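The values are calculated or read from the model by the stated rules, or taken from the named source; none is laboratory data. What you are looking at is a predicted structure, and each value in this text was computed from that prediction instead of being measured. When we count neighbours, we look across all protein chains shown, and the Cβ atoms used for this are built from the backbone with ideal geometry, even at glycine.
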Amino acid sequence: MKKEIKTEIVINATPEKIWTLLTDFKNYSNWNPFIKSITGEAVVGNTITTRIEPPDANGMTFKPKVLAFNTNKEFRWMGHFIFPGLFDGEHKFELIDNKNGTVTFTQSEKFNGILVSLFSKMLDTNTVNGFNAMNRKLKELAELN
């Protein structure tokens, strides 16, 4: 079973400013309503530790592998629940410079595995709501000053 969710928001800020906020993992607990923490060095091939807390759902800590970390453009990782093939998620943050003083920030995740159908409703509501809450807060912070 496969599933993808995708959200986006236009932010009136530079890619550099948004990237700085997005990659300041030490401050996630102060502002991020969805991803409460990321620890570890975000370098391609490294494993990081991530804590997510979707609205109205149980939180989860997992250890995804960094797949891409392209400054001011993309941060992507792959996580697994227990073992690969059960419930895998490839999470992606993407910054698209609109060349007019705005950036389209996209947050998406591709899910694969035999348990995806069991979590489909939760992904469509709680996870999407978490993505949108984080996107709105990132926009608010980036547009300050």
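Summary table below
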{"item": "Pair list, Cβ < 6 Å and 6+ apart or interchain, from the range 38-53 residues that are on the phi > 0 side of the Ramachandran plot and surrounded by 14 or more Cβ atoms within 10 Å (Cβ to Cβ) to residues that are of a type in the set (Val, Ile, Thr) and in a strand (DSSP E or B)", "result": "GLY40/THR49"}
{"item": "Hey, SER29 hydroxyl-bearing (Ser, Thr, Tyr), surrounded by fewer than 13 Cβ atoms within 10 Å (Cβ to Cβ), touching a strand residue (DSSP E or B) at 6+ places or on another chain (Cβ under 8 Å) and at pLDDT 95 or above or not", "result": "yes"}
{"item": "Residues within the range 54-89 that are at positive phi and out of contact with any Asp or Glu (no Cβ under 9 Å at 6 or more places or on another chain), tallied", "result": "3"}
{"item": "Residue within the range 73-90 that is surrounded by fewer than 14 Cβ atoms within 10 Å (Cβ to Cβ), over 21 Å from VAL128 (Cβ atoms) and at pLDDT 95 or above present", "result": "no"}
{"item": "Residues (part of a strand (DSSP E or B) and among the basic types (Lys, Arg)) located in the range 93-112", "result": "LYS110"}
{"item": "Selection status of MET60, within 18 Å of PHE25 (Cα to Cα), surrounded by fewer than 19 Cβ atoms within 10 Å (Cβ to Cβ), modelled with pLDDT under 95 and touching a Lys or Arg at 6+ places or on another chain (Cβ under 8 Å)", "result": "yes"}
{"item": "Among (1) buried (at least 19 other Cβ atoms within 10 Å of the Cβ); (2) out of contact with any strand residue (DSSP E or B) (no Cβ under 7 Å at 6 or more places or on another chain), the one test that LEU115 misses", "result": "(1)"}
